[in-house]
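*Asks:* Here's a structure for you.
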Amino acid sequence: MLNAQPIDVHLPEALRPRPSAHLRRLGRDFDGGYLVDMRDLARSEGLLAMGIASDWSFEEDFLRLRPVPLRAYDASMGERHFRNKMLRSLFHLHRPGRFRQRRAVWKTYKTFFTGNRVHIRKFVGHGAADLYMPLDSILSEARSLGGKVFLKMDIEGFEYECLDALVTHADQISGLVVEFHDLETRCATLVDFVCRFPLRLVHLHPQNGAHISADGVPDLVELTFSSSAAADAPHEGPALQLPHPLDRPGNPHQPDLRLQFR
């Protein structure tokens, strides 16, 4: 379906990115990879990853280029979780590939999250203290890393709880990649955040695997913000090209989306 005719969607003009010439893709193809301004990596003394599931390819690529401490937040997974999934797959003898796949995830989790790469089993947001941690607290603690931190955020709608904290702590954020959900009803909130957030919006990619409203608004978009690009001249950078050549559809079996701004 990669060569299928794209589907037209639209977003407000206020969300039009000001592109950077320094974008590079980190993470796997399709869902799980993000475009970042590479200058931001050099300014990062830590990586905060919020929402991991079973894919840490973005974190692997980031740390290969910039080996800094990682703090990853996700209460939905962990060593025991992956081990139990692996063991349950032993009962599916007709699908031996499932066991091998889950064993590989379990083993790579154990080898990746070691030393200063720490997995914290909490969701990001407001809730019971044993299960949730507000972003304001996470960023306050991250000041101990001694410099700016890069944020990756995919927390299934809880990102809207984090917007004020992102603005408040913008001085310590080198870069941000974030997925925004439910744009059909919350697009105005996203526009307000982009106007308030000091980092420059350098990339936007609507995800093709999500719902599209009746009037053509994509429900899920990936955004990239850069502190390095914020210092560039307003019109400095390449011409806007969306999809970017490094973009990949979230679902390779469905047509990609062709974005317009209104």
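None of the figures in this text is laboratory data; all of them are computed from the coordinates on show. These figures come from a predicted structure and were not determined experimentally. All Cβ positions, glycine included, derive from the backbone under ideal geometry; neighbour counts span all protein chains shown.
*Asks:* Pairs of lysines 8 or more apart, or on different chains, with alpha carbons under 19 Å: count those in the chain, would you?
*Replies:* 4
*Asks:* With 10 angstrom as the radius, rank R98, R71 by how many other C-beta atoms surround their C-beta, starting from the fewest.
*Replies:* Ascending Cβ contact count within 10 Å gives the list R98, R71.
*Asks:* Would you list C187, C162 from fewest to most Cβ contacts within 10 Å?
*Replies:* Starting with the residue having the fewest Cβ neighbours, the order is C187, C162.
*Asks:* Taking the Cβ of each residue in H126, H203 as the centre, tally the other Cβ atoms inside 10 Å and list the residues starting with the fewest.
*Replies:* Fewest-to-most Cβ neighbours within 10 Å comes out as H126, H203.
*Asks:* Enumerate the amide H contacts of D247 below 5 Å, restricted to partners 5 or more residues apart or on another chain; note that Pro and chain-start residues carry no placed amide H.
*Replies:* Those lying under 5 Å, H to H, from D247: there are none.
*Asks:* Now for a different question. Sum -39500 (n - 2.57) across every DSSP H segment of at least 4 residues in the chain, then divide by the residue count to get the 222 nm mean residue ellipticity, nearest 500.
*Replies:* Values: 8 runs with 73 residues, N = 262.
Only helices count here, giving -8000 deg cm²/dmol.
*Asks:* Using amide H atoms built in the peptide plane, which far-off residues or other-chain residues are under 5 Å from M50 H to H?
*Replies:* So M50 has HN proximity to Y73, K152, M153, D154.
*Asks:* Where Rh is the Kirkwood radius over the Cα pairs of the chain, the temperature 4 °C and the viscosity 1.567 mPa s, what D in µm²/s does Stokes-Einstein return? Spell out each step's value before the answer.
*Replies:* On the way: Rh = 19.3 Å.
Translational D for this selection: 67 µm²/s.
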